[in-house]
């Protein structure tokens, strides 16, 4: 039983391999009568696309979207929305040197073992190019969230050992898109960019952390006991390539705290229930409590590097993988819109799911 | 659309409130002809039950299981298995003092907001007592895993600031059940127990970390791109009460590493493909690669403390929550079997899901 | 992947074998704050129960319901509702004579082949006793339907060759419960009862047809293209034991008609859109159009008869199945509440599903 | 919660409106390493396509398939398969005359009411053109069924009042494709064709019955109690446009039979368990028993006719719908491959589902 769908009511199914015909998505369950702003979808895709700056891969992908169904005269009509991006700038021969070799820490070996067949073309389905489909669907989810004044904002908060000291409340989140690393603090951003450039020169890669905040979430989203809002967010984020850790609210720091310190005290602020602190990260008992939802995501250094590495081939022989081609020294800047997309998908799905909680 | 089911093929649905008639589970999709060892189920429940030691709550719950369906002459027959535990030692009056008050960092407020009705009886559905159902189902999952020689082993690796220095390979995991805190290193365990006792005396609570390892997982489990094995594990773990963080393999430490350091190099060990390091944590591209799966889970300090706290009531009035009743100063020791149970459920479900990957 | 759940948002999971501990149901997705009228549930169960009249089996089942979860102070609280009925009047020894034999046209052989294990106790899971769970859940669904003024009414319209000539509009449906065969026309009912008594004397069984009507369905229920309202009704009804045929609106008679005769002409009746005829049976394009939904269900004669029959045993030997025990000569009267229950479940589920069709 | 997906493990999602960009399907869960015979898919599509003979619509649709994903070098690779057919020969202006009118017995009114928006282009999503996607997926399902030597064969057994007298065992099913109405008895076929031609001249339409047989189904398919094989077939078939009735095995005729006549007696035929009769239609207790599965499907006369009809418009005004355009006087011949496709999808899904029934 395969796993290419996500969401229950606002349900997406993605398809496509990095070097096949197309990458695409079907969204089933998008409410009708929604105005679809194509420019916004393109803008989101541009935040994800390779070749957007000197710290990303130089590979160019001209991601033109084609709407196959579900939108008529600019509006959703209640039928499944299918949108694709044709694959163009693929250089299949870039991958001939690894057609029978398993690249370290890639999915080559596990896919081959699971399916008994090798799609050696640049990672195939395991390629991060699949996230085009997520960003498209996430853009539509964000269009729905606008109706609720909910915003999902992510940014890079750490690259290697260069970490933002301030939390999201102390930062000007309007600054995120003002630099190519998508860190809202320009001073820190400059250091991060420098680090990535050095890593790129070495032909190596580096990891980091993305922080994401969801503002203005209504109280009541999340479906205990398994589809807790935090559980669905964790799954959504962990379905993104290269993610190794996820923490919400106080996260791993909560370990050091006592209950008397960690408990978020309720108070009445002009008939709105609020909490004085927000260690819970906006979710209690798996259900949103109206406070900001915020979480942090750890990304490992990407596996593709421009250095020679030992490995094995499909027959188990020891081989050397040459370091060539184009690659991202650090995926974090391009992963920002992907984290936002997955988050938006979860929130929209839970808004729709919550419609039947009361009689 | 509610969320009380988990798993796709091996699918459990749990039900019951902490002070209602029963806590129970229905398991649909358990293969037939499996010998069910009731003593093993009881043993697992005993690891979870309150009152098991001086560092857990003194509340006694005599968790007797009753099999309602699905098992005939000690074997599964392919029909849904339903097992319940009747609630007995509930003292409804213990909760009268909070029947109209929202306890800080509990689910009282969010449940009330979502459903428009208050079940004030000790957390109701949000109570960790619901995990009885998970441990029962997890025990049956473990019985299936035995057929594949897969074992799931969790232990407490940190309480407050007392952390195990050694990783799971350096420890004797047979020691876990030898002390009441379920830490395999007795020296560290002693410190942890002392810390918890002190916290208990203060009427406070403390968080910690559980490490979990899955040994002998076959290559090929996990369903890209959304139902990656790590994504389903993340969701499973985050569906447990009080979890604030999850990291797999190198986790948050991966952030500091370069690709050339982090990549796990393949080699051929007598025709078995292995990796020299295992920063991937046994999963690549969302699919198990045959190495050990290991992850760490951060638990916050539990919200119930024996101190007075400010809060609000159902009408928005500011009130004081008295600190009384029985509580766990630290949930970690009792959470060990719960983490194992959720992990076992994920692995079994993916074993069954993987049966149709190839023709 | 097992199939013991039904519905997407209002989702039921049933469990229990006819001679196991209990028959039960978990309802996940029932909105909160619903008043649950236990007497109504019992009344519905009494319509289903054996031994209710001289034309049903003389087997007595005292179906006492026990609420395990989900209801507090008479109201739903948004958590899963679990209700069971303990099995009492089972005479396991009634089935010893067939413990290794496959009864003709029963599920003995197929269950044994599928699961590799024999639960010979009276049909086990395949027994119609499982429908207790459906009637309980259906009663709760009907309580929801009352809020929408929707009513689901079924009746026996044919037994053997004795058929009601009139359609549902020509009958007084208040008469249905006035006779033991549940046919609203007393004259026809008398003939049906006589026929069934004769069949019972012969130790044989007989089939028949149930007609079901749903009044006051709002426009818009049904989810194209696969979860059409008629498709989900067809599945719901065909999941009932002994059903061999289902037709909606004009049904098999439509075959003889021309489009110009069959098309239902729209007209405006004081700003309500209606159709002059209703061959569509209230559903067009898979979506309800506001007209009455009506359909007919064919039930085969039940397989249990009091005559000797040839068959085979578990080893493939030819054997004789003795005709003994208690049985229903005709299931139709008791199937009326089951047809209504399954129908109510479908309608409620689609009401909840339809909540997210528009923005 | 929308309904554009079908199947649990072999799961298809279809998309596309009749006059949008494309009609397409995503198949998730197709096993890897399957050889995909494109010519076979095209051949199946040709059996469905309009304009194939003088008794179908003269509308031409040149259905060229385009593979977007999931197939590499002619083989499935375990990733989702997406295939589309671009819409070409649409004449949007053919539909201007009804852009604000509701055609009788079409889905115009119900879609508009449900979604609050009008896609007037030839039925939009409700058009039978959507079944292109089903036939493509069904062709792939049939390729899998070949591995099990299972065949699914449907034919036209009645048009209006012209009915085949013989049952499927008395017919030469190799004859089905030898005439344009797809009836295996040439004499009856001739009469059917004549009837349809006359109906076409009148500008009217006519209904009929399709019989479908599945040969060589293994014992054990079907998942009680709700996903019985017959229940899933009923749903699959009722999801096809214009279906009004479905009966399996003895169907509505069973009503007239006694249990002693209807019971299928088991016997041992060289260590294969068989039944002497097959009134059960190959399914007992919802599980296949190894006998042929056969069922009959009633189709109403299609709603599009070339006659003037009264109706209403979007504002509720009474209007006249002109009879113009191209249409099918009878859908039965083209529906044969659609019935087969839906049946094949159900069988394949249940083969995969059955893989985890035993340990």
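Please treat every number below as a calculation from the coordinates, not as lab data. Keep in mind that this is a model prediction, so the values were computed, not measured. Cβ atoms come from the backbone with ideal geometry, glycine included; neighbour counts cover every protein chain shown.
Note on A:171, B:229: ascending count of other Cβ atoms within 10 Å places them as A:171, B:229, the fewest first.
Neighbouring Cβ atoms from other chains, within 10 Å of the Cβ of residues in A:260-273, number 6 on average.
Quick check: the angle from helix D:131-147's long axis to the longest principal axis of chain D, C-alpha only, nearest 10 degrees? With both axes taken from Cα atoms, the answer is about 20 degrees. Relative to the other identical copies, residue A:198 shows label-point distances of 4.1, 9.1, 10.0 nm, where the label point lies 7 Å from Cα along the Cβ direction and values run shortest first.
If you average 1/r across every pair of different Cα atoms in segment A:24-130 and take the reciprocal, what Kirkwood value do you get, in Å?
Details: mean 1/r = 0.0612 Å⁻¹.
Taking the inverse mean of 1/r over all distinct Cα pairs, segment A:24-130 comes out at 16.3 Å.
For the peptide B:62-72, the mean number of other protein chain Cβ atoms found within 10 angstrom of a residue's Cβ is 5.
Shielding of peptide C:347-359 by partners, expressed as the average count of other chain Cβ atoms within 10 Å per residue Cβ, is 6.
Normalised by the number of residues in chain A, the mean separation of alpha-carbon contacts (under 8 Å, six or more apart) gives a relative contact order of 22 percent. Look at A:56, A:13 and count the other Cβ atoms within 10 Å of each Cβ; fewest to most, that gives A:56, A:13. Annotation: extensible slack from residue B:169 through residue B:315 equals 47.2 nm (criterion: 0.36 nm per residue apart, minus Cα-Cα distance).
With the Cα gyration tensor of segment B:1-75 giving a ≥ b ≥ c as the square roots of its eigenvalues, does the rule (a/c under 1.5 for rounded; else a/b larger than b/c for prolate; else oblate) give rounded, prolate or oblate?
In terms of gyration-tensor shape, oblate.
With equal scatterers on the alpha carbons only and no solvent term, can you work out the Debye log10 of I(q)/I(0) for segment B:98-154 at 0.15, 0.24, 0.29 1/Å? Once normalised to I(0) and log-transformed, intensities are -0.58, -0.89, -1.14. With both residues required to sit in the protein assembly as shown, DSSP beta bridges show an antiparallel share near 95%.
222 nm [θ] for the protein assembly as shown, helices only, -39500 (n - 2.57) per DSSP H run of 4+, per residue, to 500?
Working: 28 runs with 355 residues, N = 1436.
Helices in the protein assembly as shown give a 222 nm mean residue ellipticity of -8000 deg cm²/dmol.
In this structure, residue C:66 and residue D:178 have a Cβ-Cβ separation that, at R0 = 56 Å, corresponds to a calculated FRET efficiency of about 0.35. By the beta-carbon count within 10 Å of each Cβ, the least crowded to most crowded order of D:17, B:177, fewest first, is B:177, D:17.
Residue and distance for the chain C Cβ closest to the axis that moves C onto A, in whole Å, come to C:355, 2. Mean-square fluctuations from a GNM of chain A, with a 10 angstrom spring cutoff on Cα atoms, peak among A:167, A:198, A:278 at A:167. Taking the longest Cα principal axis of chain D as reference, the axis of helix D:186-201 is set at about 20 degrees. Just check segment A:228-359 against the gyration tensor rule for me: Cα atoms, a ≥ b ≥ c as the square roots of the eigenvalues, rounded for a/c under 1.5, and otherwise prolate or oblate depending on whether a/b exceeds b/c. Judged from the Cα gyration tensor, segment A:228-359 comes out prolate (a/c at least 1.5, a/b above b/c). A Gaussian network model of chain C, with springs between Cα atoms under 10 Å, assigns the largest mean-square fluctuation among C:112, C:256, C:279 to C:256. Inter-copy label distances at residue D:149, using a point 7 Å along Cα-to-Cβ, come to 3.6, 6.1, 6.9 nm with the shortest given first. FRET efficiency for the residue D:43 to residue C:271 pair, using the beta carbon distance and R₀ = 60 Å, is estimated at 0.70. In the elastic network of chain B, a GNM with C-alpha springs shorter than 10 Å, the most mobile of B:49, B:169, B:244 is B:169.
Classify segment D:134-205 from the C-alpha gyration tensor, please: rounded if a/c falls under 1.5, else prolate or oblate depending on whether a/b exceeds b/c. Write down the numbers at each step before the final one.
Numbers: a/c = 3.14, a/b = 1.69, b/c = 1.86.
Here segment D:134-205 falls in the oblate category.
The angle separating the long axis of helix A:38-48 from the principal Cα axis of greatest extent in chain A is about 60 degrees.
Rounded to the nearest 0.05, what FRET efficiency do residue D:58 and residue D:261 give with R0 = 45 Å and r taken as the Cβ-Cβ distance? Could you check?
Working: r = 49 Å, r/R0 = 1.08.
So the FRET efficiency works out to roughly 0.40.
Looking at segment B:5-354, what % of the alpha carbon pairs are farther apart than 28 Å? Everything past 28 Å amounts to 46 percent. Note on residue C:148 and residue B:88: their simple-model spin labels are 4.4 nm apart, each label 7 Å out from Cα toward Cβ. Across the copies of the chain, residue A:326 has label points (7 Å from Cα along Cα→Cβ) spaced 4.6, 6.6, 8.0 nm apart, shortest distance listed first.
Hey, can you rank B:77-84, A:220-227, B:313-320, B:185-192 by average C-beta count inside 10 Å, highest first? Show your work: numbers first, answer last.
Numbers: B:77-84: 27.9, A:220-227: 25.8, B:313-320: 13.1, B:185-192: 18.6.
Top to bottom by mean Cβ count within 10 Å: B:77-84, A:220-227, B:185-192, B:313-320.
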